[in-house]
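The values are calculated or read from the model by the stated rules, or taken from the named source; none is laboratory data. Computed from a prediction, not measured in an experiment: that's the story for all the values here. All Cβ positions, even for glycine, are placed from backbone atoms using ideal geometry, and neighbour counts span all protein chains on display.
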Amino acid sequence: MASSLLLHACCSPRNLLDNGGSGAVIRSDSRSSGSRNLPSTLHRHGDARLRFFSPMTRCSFSTRSQKRDGGRAAASEEDLTARRAQQAALWAAEAAYVLWLFLLPYAPGDPAWAISSNTVNDLVVLSFNFFFILPTLNLVGIRVIEAPVLHPMAEGLFNFVIGWTFLFAPLLYTDRRRGRFKGSLDLLWGLQMFLTNTFLIPYMAIRLNSVSEEDSPPKQSQLGLLMTKGAPFVGLAGGAVCLFSAVWALFGRADGGFGNLVDRLQFLEGYIGSERLAYAFIWDILLYSIFQPWLIVDNIQSVKSSYKRLVHVSSFLPVFGLVAHLLFSENDEDF
């Protein structure tokens, strides 16, 4: 009967652990049924008589701890494998972008080493209509410089991609993984904004590097502070440019002889199929559609709590998801 009481005392959830988890002290009452004749010395010295249960208890907790540690190690290994696979895909995309769009002659239009004067002229003329500033000034009667007259589809496509690139700036400057990129974010975004999207792909790969003690976020530059503090304005301005670009492409210069909607779509098809610049813009749109939700979800902690779900759901909507993120972010450069 005494042995059954010992077993009950040790296995009881209430009495299993005491004094640091040794399972050594019994708090049973001698008046309990079947325990009236139990020697009182057992209660006084129960710790010594039941010490053999302690290794079993410690072994149980040790096994559970090892299982938890093993689970965390397995999860960490899986995460590392996934990140390496993502990095490999990104570097492959960078190689394909450079080879296919800049070097090889197989894509529509001319490669970089054989670019025609017409392509260079188109790029310069499109730049004059950057963000539709000149056409807008001309429209309200300010004609210090006349805006070049181009096909609205070409102008719309150009400004849509530039406007979307503009929206990425605050997100890059507050990216929680930006410390792994050792270069200048000002230079990175400037090259992305005014040259080509090819510079964003390596950043997306580098930000997946394993974390180190030297990866603390760098001090914000003046441009970074401006973009971070002005994130809502950037969101509204960039979103407006993208929306206006789409409307302009479809309906702009209605009296300019550029045809109806069907005519314009036919022009767009031919434009993409014959000009390397337009063809590259389609690649940029595709890549931005992947990078936008990726970056937004990775940085969802910088969004105000009441808007996290909205921003998360809308992150997959091109342009609109990025606008929502900038409008509802905490605007804290320390994120």
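Before moving on, here are some points about what is shown:
- Qualifying residue in region 296-309 (condition: touching a residue at least 40 places away in the same chain (Cβ under 8 Å) and basic (Lys, Arg)): no
- ARG253 vs. criteria buried (at least 18 other Cβ atoms within 10 Å of the Cβ), among the basic types (Lys, Arg) and touching a residue at least 60 places away in the same chain (Cβ under 8 Å): no
- Extreme residue, nearest to the chain's Cα centre (by Cα), among residues of region 316-335 that are modelled with pLDDT of 90 or more and surrounded by fewer than 20 Cβ atoms within 10 Å (Cβ to Cβ): PHE316
- Failed criterion for ARG264 (all others in (1) assigned to a helix (DSSP H, G or I); (2) at pLDDT below 95; (3) over 24 Å from ASN197 (Cβ atoms) hold): (2)
- Residue, farthest from LEU261 (Cα to Cα), within region 227-236, restricted to residues that are of a type in the set (A, V, I, L, M, F, W, C) and crowded, with 16+ Cβ neighbours inside 10 Å: MET227
- Residue pairs whose Cβ atoms lie under 6 Å apart, sitting 6 or more positions apart in sequence or on different chains, and linking a residue in region 84-100 that is in the same structural domain as PRO202 (by TED's automatic domain parsing) and closer than 14 Å to ASN197 by Cα to a partner that is hydroxyl-bearing (Ser, Thr, Tyr) and part of a helix (DSSP H, G or I), are TYR97/THR198.
- Taking the listed residues THR63, THR165, THR119, the one that is over 25 Å from VAL211 (Cα atoms), surrounded by 12 or more Cβ atoms within 10 Å (Cβ to Cβ) and modelled with pLDDT under 85 is THR119, with no other qualifying.
- Test set (1) at pLDDT below 90; (2) more than 24 Å from TYR271 (Cα to Cα); (3) under 24 Å from the mean Cα position of the chain (by Cα) - ARG176 fails condition number: (1)
- Qualifying positions in region 283-335 - in contact with a strand residue (DSSP E or B) (Cβ under 8 Å, 6 or more places away or on another chain) and among the β-branched types (Val, Ile, Thr): VAL303, VAL311
- In summary, helices (runs of 4 or more DSSP H) completely within region 114-221 and bearing 2 or more residues that are touching a Cys at 6+ places or on another chain (Cβ under 9 Å) occur at 152-173.
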